[in-house]
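Take a look at the structure set out below.
Every read-out reported here was derived from the displayed coordinates using simple, explicitly stated rules and does not represent laboratory data. What you see is a predicted model; the values in this text were computed from it and never measured. Note: ideal-geometry Cβ built from the backbone for every residue, glycine included; neighbour counts use all protein chains shown.
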Amino acid sequence: MNFVDCHEEKIHISGHIQDFGYMIGLDAESKTIKFFSQNIAQLFEMDQSFFGKSFAQEPDVFEPLLASVVLNNLDLDTIKDTDVFLDRIEINGKSYHFTIYRYGANVFLELEEVTEHFHQRSFVSKKYESIHNASDSRDIWNELLSSVFDAIDYDRVMLYRFLEDGSGKVIAEKVKNKVESFMHLHYPESDIPRQARELYLKKRKRIFSNVYSEPVPIISNTAEAVDLTYSSVRGMSPVHGQYLKNTGVASSFSTSIVIDNKLWGMVTCQNIEPKHIDLVNRIRAEVFTVIAANAYTSYKSRQMLADSIELERKIGALKSKLMAYDNLEDSLFGNVAEMQEYPAADGLAIIVGHHIRTSGEVPSDKNILKIVQYARENPLKNFYATNDFSNSQQGNLGNIENAAGVMFGFTDDKRNELLIWFRKEIDGQVLWAGNPAKKTESRIVNGKEQMMISPRKSFETYIEEIKGKAQPWKNKDIFAAKKVVATILETTYSQFRRVQELNEELKNLNEELDSFSYSISHDLGTPLTVMKLNAQLLEKSHHDHPEVRKRVSSILAEILGMENMMRGVLSLSRAKSSDIKIQELPTADIIAKVSSDTKLTLNENAEIMMGSLPNVMGDETMLTQVFLNIIGNAVKYSSKHESPKIEIEGKVDGNHVIYKIKDNGIGIPESAQAKMFKIFNRMENAKSFQGNGVGLSIVYRIMNRLGGKISYESRENEGTTFILTFKKP
């Protein structure tokens, strides 16, 4: 006696059709009759003597088929397996749906009587719109069920979603009064076995009109079984029929929900009494389902995009925080609490070598190191996630507190650093539609006794207690964790490993740039001098032509601007490369001289107030240039104020001397503050003042060479305070 698992039942070659349908099969090459359903004689006077004949050879018998416009215009040699063609024909005064399709070497002709009249165009279009316009997944599925419910009028319409292990759950439902609800119930994988799921992905709608009716055999002129994969009238499995009887229903209809070419779920409909659904309404239900699947896909895409945008925002902030540290370990350990939240975990452990830093609720260090050892010894899993770590027997670790859910990723090639996110165990229940345990029974199949899976006889709610599992990681959790790992690889480990190489490259590049800047500025000096002399001669020779003098004056102004710019570039280059002599300098004397000269050349009305001016360590030439630029800017940009005022004050702070130069000038707009020290940068509110945007770049470079720094505080139209930090003598 053989045992036949439910996965082994060949449901696609049942050898029967249901009694509401009729079938004729043609050989695709010869177009002659190859098989037919036993009940075909109810429509056409034919028997097995018709095997090998074409319809044209018996025109009187097949006159209704030969009159089909669709069949007459089809080239049966070129139609594809996925193509289906529909027509409506009259036979003996009755209307029949006529379906034509090809599968492999056979052309199938299927007939079923038209059972309804259809005058519901506005109803259909409104249902399409209601599904398409639903705002979220719950509304989408409820609108779908409502549409299918109204179209087929069955007692129970359910939305059944497949889970990762092949089992399923009812996530939405619509029932008539007094019909038992199956909402939230789970069904084991064996209820819809693997080959059934594969078939439902190909043939997306199927009906079992009457589970108590006798199936109609297919008569064939060959021993080869007829593959009914795409048949709308295929006879159902006896096991499936018994299953439906055990649930207390007599009719079943379903359409497949396909997302990303995978069987995501089904709309499953049941009726207590036998009931056939006309082909048109079955097609409508299928179209409703396709529209809902598309609407759900669109909704999930929008949701994923919003999640992705939010995650990218967080990742951008995380990058900045990671880069604020000088070494990898500090960088990771300093951000452990934040990284815990990205995949919504109960806890996070970061491991660098044998050092551990944790956040939230995590296992003990001893147990963390056990998981680390497992992770490092498993060569195939650079990233791993499970919500059932104790039951998966990973590394024979058993049940570890706070580690029912585990997700880890490595941040280096040598598996030295990794992040492990944890989720705690949650107590839960699964409500099953009957006891999911498999039971077998003996059946006689083709004269042989076989042990087969027996359908459940009771569907009374069975409660299974769930232990040792965590809340499953969602796709967005896994994506967020992988994004964090990738960000660490990008902004920390890789950066730290290459820092010296990059510094060397940057040094060489800056030296080349300085050399180029000096060369260009020096080489342009002579031609500009010649241009300036010629322009001055031209101006003198046309002293009696005002218009010419005006244009020449404009040229001279442009040449002067270029000379100032070149001097600025040369000064910037020298600030980086010229030799310096660091010594204690009398800062008060330098500031007094610079202030006096600046007032004389820029604005004699400016009031410059000086407080304490302690000495600093610096190079005399460079220090003079720093104060010349900063004080000069303060005087220049406050010159339009009715009472221009500049305050200069220094103070000793530990090992540093801090100077503040404050003015009441035009201030710096917030939009310009990020690029204040870039060369040739000029603010919009400074365009009416003379300048070339080089001065602050020179000061920035000089302060770096002197071992100090420059910063500022400013508000537009309220003035600016520059802060200079020097080394204390």
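Structure above, values below:
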item: Cα gyration tensor, the range 46-196 - rounded (a/c under 1.5), prolate or oblate; result: prolate
item: Pairs beyond 24 Å (Cα-Cα), from K370/K469; K94/K275; K675/K727; K662/K728; K262/K474; K319/K482; result: K675/K727
item: Whole-number percent relative contact order across the range 16-113, with pairs defined as alpha carbons under 8 Å at least 6 apart; result: 30
item: Rg/Rg_globular for the range 579-729, with Rg_globular taken as 2.2 N^0.38 Å and Rg from C-alpha atoms; result: 0.98
item: Out-of-range pairs (alpha-carbon distance over 27 Å; input K381/K424; K314/K709; K203/K381; K321/K476); result: K314/K709; K203/K381
item: Highest-first arrangement of 105-112, 361-368, 648-655, 273-280, where packing means the average Cβ count within 10 Å; result: 105-112, 273-280, 361-368, 648-655
item: Under Karplus coefficients 6.51, -1.76 and 1.60, residue-wise ³J(HN,Hα) of the range 347-357 in Hz, glycine/proline x; result: x, 9, 10, 10, 10, 10, x, 9, 8, 10, 10
item: Overall form of the range 28-114 per C-alpha gyration tensor (a/c, 1.5; a/b vs b/c); result: oblate
item: Label point distance in nm, T32-K10, each placed 7 Å from Cα along Cα→Cβ; result: 2.5
item: Segments 74-84, 681-691 sorted - mean Cβ within 10 Å per residue, highest first; result: 681-691, 74-84
